[in-house]
Amino acid sequence: MNYQETIDYLFHAAPVFEKVGASAYKEGLSNTIALDEHFGHPHRQYRTIHVAGTNGKGSCSHTLAAILQAEGYRVGLYTSPHLVDFRERIRINGVCIDEETVIKFVEEEKDFFEPLHPSFFELTTALAFKYFADQQVDIAVIEVGLGGRLDCTNIITPELSIITNISFDHTQFLGNTLAKIAGEKAGIIKPHVPVVVGETLPETRPVFEKKAQQEHAPIIFAEDAPEVLHSTYDVSSQQRIYKTLSFGELRGDLTGCYQDKNTNTELAAVNVLRQMHILKRPESLAQGLKNVMQTTGLMGRWQCLQKQTSTQPAIYCDTGHNVAGWNYLSQQLQQQKYKTLRIVFGMVDDKDLQTIMKMLPTDAVYYWTQPSTERAFPVEEIAKAGATNQLQGQQYRTVREAYSTCLKQANPKDFVFVGGSSYIVADLLTFLERK
């Protein structure tokens, strides 16, 4: 098999949550444990940091990886989902796993794993853990796929656990109350392993405190002693400038207003990693924070695709896809200057469409669409919900068609935003890459 045939095999031989949703979700760790034993427990050959949470775990994972790289470590990074290429999920020092390694893994190991009927994520996790061991990384930042307690990444015993925040998402798997969801995320807390919690709510904090006490794990709440005092966006450098309690002025290339919370969590984690002598060089933090996208290849976080000029509009995209994410995105859009705000928008069917529709700007022109996944809300349903909320727009069957029409109609003083789902952004970036 060549690389594309191998990826097609992975996507069709194993249930993929991104494609089909609930039917791909496998509760329990039996397959993960079997795969781990088969490969000789590769995750025990390097140190790890484990990152969970409803929102922000991708930004935090990539930022910590960038800081560790600046420190001089050989750093593995395992995240999901990918936006353009499967290989984005598994990186070492920002470089994606090579195609040949993916092909070889499937060809040599499928006789073992096919009888297990593993999920796509179980296979991907086994591949990542083995690859990091084979490539002798010093440390790997591992992002939880879904939840925590029963997530197949949860076989690791990390140096540090991080839980960014809790809000309603994937309630069909994690529970329909914030306390239940927090209980699933708290499942990554390990005996005697410090845990940093970014944000809490009255319903969630006692859950984390109880679990940490049971595991005798030191717990640090980033919000109790905030490192980020305030931040501003510098237009000329396209960076967010942070005034901090202990680190002076820092600059970050992730510029969304929601990054204040993420950065506060990251700085709390940095304090712990310094105490553990994993981070030693004072300049590593500033260097890593300022170069996250370049260092790690992160895409889709309030990403500027085109600067505004005298001849072209500003174009941004963001993978924010749930109510908590749109609390920040709606604020960010309101802060922009434009003649006309144009939004290419679609969602997948396990998200709270009606609530998010109420959060969208009413003064925008909408290009309703749907991502290329079986989980997509049909564009007709998106348009109907928009009309119910007095949002004006037209329907387009694909992201490509919606985006292309939007650009034809936009003038240089407009602001174009593409989002609503990670899969909308994935379709956009795939189209732009091919173009």
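Amide H to amide H distances under 5 Å link SER421 with GLY346, where only residues 5 or more positions off or on other chains count and H is placed in the peptide plane. Here segment 59-160 is described by how far its Cα atoms reach on the three principal axes: 42, 32, 26 Å, from widest to narrowest.
How much area per residue is accessible in the chain when the probe is 1.4 Å and only protein heavy atoms are counted (Å²)? Kindly include the intermediate steps, with their values, before the conclusion.
Details: 18000 Å² over 435 residues.
Ligands and nucleic acids excluded, the result is 41 Å² per residue.
How would HIS43, HIS192 line up by accessible area, probe 1.4 Å, largest first?
Values: HIS43 15, HIS192 130 Å².
Largest to smallest exposure gives the sequence HIS192, HIS43.
For segment 303-434, a crude dipole built from +1 on the beta carbon of Lys and Arg and -1 on the beta carbon of Asp and Glu, taken about the Cα centre, is about 500 debye to the nearest 20.
Using just the helices of the chain, give the 222 nm mean residue ellipticity in deg cm²/dmol: DSSP H runs with n ≥ 4 each add -39,500 (n - 2.57), and the total is spread over all residues, rounded to 500.
Values: 17 runs with 172 residues, N = 435.
Helices in the chain give a 222 nm mean residue ellipticity of -11500 deg cm²/dmol.
Residue ranges 385-394, 179-188 sort as 179-188, 385-394 when ordered by packing (mean number of other C-beta atoms within 10 Å per residue, highest first). Label-to-label distance, GLN390 versus PHE221, with points set 7 angstrom from Cα along the beta-carbon direction: 4.0 nm. Which one, LEU298, MET357, LEU341, projects farthest toward the positive side of the charge dipole computed for segment 286-362 from Cβ point charges (K/R +1, D/E -1)? Of LEU298, MET357, LEU341, it is LEU341. Here's the list of lysines a cross-link from LYS408 could span, going by alpha-carbon distance under 23 Å and ignoring same-chain residues fewer than 8 apart: LYS307, LYS337, LYS339, LYS435.
Starting from the eigenvalues of the Cα gyration tensor, five times each then square-rooted, give me the equivalent ellipsoid semi-axes of segment 303-434, largest first, whole Å.
Details: eigenvalues 85, 55, 38 Å².
They are 21, 17, 14 Å, listed from largest to smallest.
When only Cα pairs below 8 angstrom with a gap of at least 6 residues are kept, the chain shows a relative contact order of 15 percent. Segment 31-45 and segment 63-111 have Cα centres spaced 17 Å apart.
Could you state the per residue volume, in Å³, of the convex hull enclosing the Cα atoms of segment 3-296? Intermediate values should be presented prior to the final figure.
Details: hull volume 37.1 nm³, N = 294.
Enclosed volume per residue, from the Cα hull, is 126 Å³.
The modelled label-to-label distance between LEU305 and ILE241, using points 7 Å beyond Cα along the C-beta direction, is 3.0 nm. Each residue of segment 189-206 is assigned a 3J(HN,Hα), and the resulting list reads 6, 10, x, 6, 9, x, 10, 9, 10, x, 9, 10, 10, x, 7, 9, 4, x Hz, derived from the Karplus form 6.51 cos²θ - 1.76 cosθ + 1.60 (θ = phi - 60°), x at Gly and Pro.
How would you order 242-250, 124-132, 324-332, 275-283 from highest to lowest mean count of nearby Cβ atoms within 10 Å?
Values: 242-250: 14.7, 124-132: 24.8, 324-332: 19.2, 275-283: 12.3.
Per-residue mean Cβ counts within 10 Å order the peptides as 124-132, 324-332, 242-250, 275-283.
For GLU109, the solvent-accessible surface computed with a 1.4 Å probe is close to 30 Å², ligands and nucleic acids excluded. When the charge dipole of the chain is built from unit charges on Cβ atoms (+1 for Lys and Arg, -1 for Asp and Glu) and taken about the Cα centre, the candidate among SER237, ALA376, PRO118 whose Cα reaches farthest toward its positive end is SER237. Here segment 76-220 is treated with +1 on each Lys and Arg Cβ and -1 on each Asp and Glu Cβ, and its dipole about the Cα centre works out to around 700 debye.
For THR405, what charge total do you get from the other residues with a beta carbon under 12 Å from its beta carbon, if Lys and Arg give +1 and Asp and Glu give -1?
Working: positive: ARG342, ARG397, ARG400, LYS408; negative: GLU401.
My count for the surroundings of THR405 gives +3.
Of interest is the spacing of the C-alpha centroids, which for segment 276-348 and segment 196-261 amounts to 17 Å. In order along segment 99-112, phi translates into HN-Hα couplings of 4, 4, 5, 5, 4, 4, 4, 5, 5, 7, 10, 5, 4, 7 Hz, rounded to whole numbers, per the Karplus curve 6.51 cos²θ - 1.76 cosθ + 1.60 with θ = phi - 60° and x for Gly and Pro.
The lysines within cross-link reach of LYS110, meaning a Cα-to-Cα straight distance under 23 Å and a gap of 8 or more places when in the same chain, are LYS19, LYS26, LYS130. If only the Cβ of Lys and Arg carry +1 and only the Cβ of Asp and Glu carry -1, the dipole of the chain around its Cα centre is close to 1260 debye. Pairs with C-alpha atoms separated by more than 18 Å, drawn from the list LYS180/LYS210; LYS185/LYS210; LYS384/LYS413; LYS57/LYS358; LYS261/LYS290, are LYS384/LYS413; LYS57/LYS358. Spin-label model, VAL95 to PHE431: label points 7 Å out along the Cα-to-beta-carbon direction sit 3.3 nm apart. The reciprocal of the average 1/r between distinct C-alpha atoms defines the Kirkwood hydrodynamic radius, which for segment 135-240 equals 15.2 Å. Ordering ALA286, GLY148, THR79 by the projection of their Cα atoms onto the charge dipole of segment 3-296, which places +1 on the Cβ of Lys and Arg and -1 on the Cβ of Asp and Glu, puts ALA286 at the extreme positive end.
The values are calculated or read from the model by the stated rules, or taken from the named source; none is laboratory data. Please read all numbers here as calculations on a predicted model, not as lab measurements. Positions of Cβ are generated from backbone atoms using ideal geometry, with glycine treated the same way; all protein chains shown enter the neighbour counts. Just so you know, the surface numbers come from the protein's heavy atoms only, side chains and all, with ligands and any DNA or RNA stripped out. Shrake-Rupley method; radii C 1.70, N 1.55, O 1.52, S 1.80 Å.
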